[in-house]
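A.B. asks: Take this structure first; my questions come after.
Bear in mind these aren't lab numbers, they're just calculated from the coordinates by the rules spelled out. This one's a predicted model, so the numbers in the text were calculated from it and none came from an experiment. Here the Cβ is made from the backbone with ideal geometry for all residues, glycine too, and neighbour counts use every protein chain on show.
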Amino acid sequence: MLLMRSILARLVATCVTLFGAAVIVFFVIRVVPGNPIAMMLPPGATEDDIARLQALYGLDKSIFEQFVIWLGGVVQGDFGTSISLRQPVLDLVLGRLPATLELSIMALVIAVIIGGAMALTGTLRRETRTEAAIDVTGGMALSVPDFLWGLVLILLFGVLWPVFHISGRVSPSLDFDFATQFYLFESVLRLRFDVWADLVSHMFMPALALAIPLAAIIAQLLKQSLKETMHLDYVTLARTKGYPEASVITREALPNAVLPTLTLIGVQFTFLIGGTVIIERLFSYEGLGNMAIDAVINRDLPLIQGIVILFALIFTVVNLVVDMTYAALNPRLRHA
Amino acid sequence: MSFLDVENLTLRIVRGPRILRAVSLSVDQGEVRGLVGESGAGKSMIGKAILGTLPRAIEVVSGRIRLDGTDLQTLSARERRRQIGAQVALIPQDPLTALNPVRRVGPQITNRLVDILGWSKDNAQARALELLDEVHIPDPARVMRAYPHELSGGMRQRILIASAFAAEPKLIIADEPTTALDVTVQKQILRLIKNMQAKHNTALLFVTHDLGVVSKICQSLSVLYAGKVIEDTDTRRFFAGPGHAYSQALLHATPKYTDPDDSLTPVPQQVIDAVEAEVAEFDKGLGA
Ligand SMILES: Nc1ncnc2c1ncn2[C@@H]1O[C@H](COP(=O)(O)OP(=O)(O)O)[C@@H](O)[C@H]1O
Ligand SMILES: [Mg+2]
């Protein structure tokens, strides 16, 4: 009963969020100057041509009417047609989504591994120079935005010591037909580890650039939380049983310390997904973010709208997953 | 020789004041020794020093701790941890915070047996069930699967007692194990600890600030003031008439179970001055 109600409340909240995003993006991009039609037509097109095209895309109606028509389509799963690419927005967006998801998740995994290792080491060596060094490293990682890390990585591992690919998602020379857009996932399932290695070599630097700031945040928060937990009685009790400090940290402190960190990781992960827009551009990685920039440059209104709605949807799903994980890890909530 | 032998243990806050001043005490197998003193006297620090869980801010200046004749300092850190884990157990003060909230009760009892002492999971499980039964927990199998928040404070303290006795330790340190409990439960838990100790013939170092409790369960006691042992005697002699003026005053300050309305006399100022002077004398002797 209670569960049903909270799920319902959740769904309503999601719809409100998405509607809000829809309203904002729809009206804002129409207030900004720039005419998509003008950009499509060759110089010397007549007034007539412009009017015809505007009517074709429904741009001759009032903004409010346009909104109602668009929203009516969206509710039925029709996001309109891209003006610049002349394909259904939904197909375009869903086609690019897997690339961005794979990149974001890889970045998240890297961030959790690096940040987690820093937090655990810092806790084990707390109040020593090692902890101080970890704090300084984290501070530096945080004070530089992700796209600058991207440039640094390109210089280091793309130019000075070229070990990774700096552009694209997959080598064009690769002889492999993907059946899905989830390239990385598919290469593993089909046991083509040569393809997998090529994909990782393309994804690693953009993923790392996205991961560095998040890793620093995880390191800070998790270490703080771990250090507080280390004073608690059950941790001390475990120590008296004969566990070495490292096991005390991972076995007793970590499962509790993770909880407060988890929510913040969720929030930060949504920022990371936002960061894919510029990072994908920087590395010419064919994902949603890269497409979003093209859409903005071309004033491709339906496409921009579709991408924004999809990002908003991803954010709400991420938050939902975080909340569910939190509940699953916390027995006090599970039985409530 | 006693099982536990603490000899001239001096602790201080790193580059700061002393916390313990040449503390010596011993507990034999089967003996219950009370460790009494006001709050802040350093009772818990003695337990922590024995268990190897001193806070980082506290350092050992001098002294020796022997378990069964073995000086703990002569062991490697790893071996010391193992010896303490195998031979000593702690019954903590607050059962509400001493169990890990995200783990089930069962593994928290069996983990020492399995991870440290190398028992098989099945044996440890059976042992835990047996111990839970010994501490009068109904339906032990269900309790093993419960999370701590599903159980009352009294239940959790019983679980911690079961867990402490599970590996048949030679020494148990109980640090004010009833202060955090409801008054109605305190007596039951006290009796339980005493019964378990007698049954397993364990050495028990019982930390308390309640002389009434000492009179009930301890054979011997050490009175601590400002980290210094003021008196070390057996219980009968102590209650017949303690040797030290501070102990006498402490005894007068304790309410009697037989006559709870008996007005309490606080420790007189001149007694405190005298014992403070002793402590100062001690510190001067050490050049601090
Ligand atoms: N983490 C710590 N750092 C520094 N001093 C401490 C710490 N914990 C306790 N102390 C000091 O050590 C002294 C003894 O404390 P404790 O053994 O806990 O007293 P009690 O007899 O009440 O158990 C007190 O004066 C206390 O202020
Ligand atoms: Mg204490």
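A.B. asks: Two decimals is fine: what is log10 I(q)/I(0) at q = 0.09 Å⁻¹ for segment B:4-286, from a Debye sum with one equal scatterer on every Cα and no solvent?
C.D. replies: The computed values of log10 I(q)/I(0) come out as -0.45.
A.B. asks: Further question: What order do you get for B:Cys218, A:Cys15 when you list them from fewest to most C-beta neighbours inside 10 Å?
C.D. replies: The order, fewest Cβ neighbours first, is A:Cys15, B:Cys218.
A.B. asks: What does the charge add up to near B:Ala240, with Lys and Arg as +1, Asp and Glu as -1, over the other residues with Cβ less than 14 Å from its Cβ?
C.D. replies: 0
A.B. asks: Roughly speaking, what is the centre-to-centre gap between segment B:263-283 and segment B:29-83 when only Cα atoms are used, to the nearest Å?
C.D. replies: After rounding, the separation between the Cα centres reads 26 Å.
A.B. asks: To the nearest whole number, what is the average tally of beta carbon atoms from other chains within 10 Å of the beta carbons of peptide B:86-93?
C.D. replies: Per-residue shielding by partner chains comes out at 3.
A.B. asks: Please compare each pair in B:Lys170/B:Lys194; B:Lys48/B:Lys170; B:Lys121/B:Lys194; B:Lys121/B:Lys199 to a cut-off of 23 Å on the Cα-Cα distance and tell me which ones are over it.
C.D. replies: Table pairs above 23 Å Cα-Cα are B:Lys121/B:Lys194; B:Lys121/B:Lys199.
A.B. asks: Further question: Put +1 on the Cβ of every Lys and Arg and -1 on every Asp and Glu Cβ in segment A:13-75; which of A:Gly58, A:Ala38, A:Val75 then has its Cα farthest towards the positive end of the dipole?
C.D. replies: A:Val75
A.B. asks: Provide the net charge surrounding A:Gly150, with neighbours chosen by a C-beta distance below 12 Å and charges set as Lys +1, Arg +1, Asp -1, Glu -1.
C.D. replies: Charge balance near A:Gly150 sits at -1.
A.B. asks: Which of the peptides B:4-12, A:287-295, B:78-86 is most tightly packed, and how do the rest follow, judged by the mean count of other Cβ atoms within 10 Å per residue?
C.D. replies: Ranked by mean Cβ neighbours within 10 Å, highest first: A:287-295, B:4-12, B:78-86.
A.B. asks: Now for a separate question. For segment B:4-286, what does the relative contact order come out to in percent, with C-alpha contacts under 8 Å and a separation of six or more?
C.D. replies: 24
A.B. asks: Name the residue from B:Leu160, B:Val185, B:Thr208 whose Cα lies farthest towards the positive end of the charge dipole of chain B, charges +1 on Cβ of Lys and Arg and -1 on Cβ of Asp and Glu.
C.D. replies: Farthest along the dipole direction, towards plus: B:Leu160.
A.B. asks: Quick one: if the Förster radius is 60 Å, what FRET efficiency do B:Val279 and A:Ile113 give, using the C-beta to C-beta distance and rounding to 0.05?
C.D. replies: That gives a FRET efficiency of 0.65.
A.B. asks: Charges only on Cβ, +1 for Lys and Arg, -1 for Asp and Glu: so what's the dipole of segment A:110-223 about the Cα centre, in debye to the nearest 20?
C.D. replies: 320
A.B. asks: Calculate one ³J(HN,Hα) per residue across segment A:264-274 by plugging θ = phi - 60° into the Karplus curve 6.51 cos²θ - 1.76 cosθ + 1.60, and present them in order as whole Hz with x for glycine and proline.
C.D. replies: 5, 4, x, 4, 5, 5, 5, 4, 4, 4, x
A.B. asks: In addition: Any chance you could get the radius of gyration and Dmax over the Cα atoms of chain A, in Å?
C.D. replies: Answer for chain A, Rg first and Dmax second: 23.9, 86 Å.
A.B. asks: So how far, in whole Å, is the C-alpha centre of segment A:196-218 from the one of segment A:285-316?
C.D. replies: Centre-to-centre distance over Cα atoms comes out at 21 Å.
A.B. asks: I've got another one for you. Treating only the Cβ atoms of Lys and Arg (+1) and Asp and Glu (-1) as charged, compute the dipole magnitude of segment A:13-75 about its Cα centre; round to the nearest 20 debye.
C.D. replies: 240
A.B. asks: Right, next: So what is the relative contact order of segment A:141-290, in percent, for Cα pairs below 8 Å that sit 6 or more residues apart?
C.D. replies: Across segment A:141-290, relative contact order equals 32 percent.
A.B. asks: Residue by residue through segment A:26-35, what is 3J(HN,Hα) from phi via Karplus (6.51 cos²θ - 1.76 cosθ + 1.60, θ = phi - 60°)? Round to whole Hz and write x for glycine and proline.
C.D. replies: Result, rounded to whole Hz: 4, 7, 4, 6, 8, 7, 5, x, x, 10.
A.B. asks: Please list the three semi-axes, largest first and in whole Å, of the ellipsoid equivalent to the protein assembly as shown, using sqrt of 5 times the eigenvalues of its alpha carbon gyration tensor.
C.D. replies: After scaling each eigenvalue by five and taking roots: 68, 26, 23 Å.
A.B. asks: To continue, here is another question. Summing +1 for each Lys or Arg and -1 for each Asp or Glu, what net charge is found among the other residues whose Cβ lies under 15 Å from the Cβ of A:Ile217?
C.D. replies: Summing Lys and Arg as +1 and Asp and Glu as -1 gives -1.
A.B. asks: Between A:Leu8 and A:Thr325, how high is the FRET efficiency from 1/(1 + (r/R0)^6) when r is the Cβ-Cβ distance and R₀ = 22 Å? Nearest 0.05.
C.D. replies: Step by step, r from the Cβ atoms, then E = 0.60.
A.B. asks: Within 10 Å of each Cβ in peptide A:229-239, how many partner chain Cβ atoms are there on average? Round it to a whole number, please.
C.D. replies: Shielding by partners across A:229-239 averages 6.
A.B. asks: Related question: Per residue of B:140-153, how many C-beta atoms from partner chains lie within 10 Å of its own C-beta, taken as a mean?
C.D. replies: 1
A.B. asks: As a check on your grasp of the helix formula, calculate [θ] at 222 nm for chain A: sum -39500 (n - 2.57) over DSSP H runs of n ≥ 4, divide by the residue count, round to the nearest 500.
C.D. replies: Result for chain A: -24000 deg cm²/dmol, rounded to the nearest 500.
A.B. asks: Related question: To the nearest 20 debye, what charge dipole does segment A:191-331 have about its Cα centre, counting +1 at the Cβ of each Lys and Arg and -1 at the Cβ of each Asp and Glu?
C.D. replies: The calculation lands at about 360 debye.
A.B. asks: Given the options B:Ser44, A:Val195, A:Thr316, identify the residue whose Cα lies farthest towards the positive end of the charge dipole of the protein assembly as shown (+1 on Cβ of Lys, Arg; -1 on Cβ of Asp, Glu).
C.D. replies: The Cα lying farthest towards the positive end belongs to B:Ser44.
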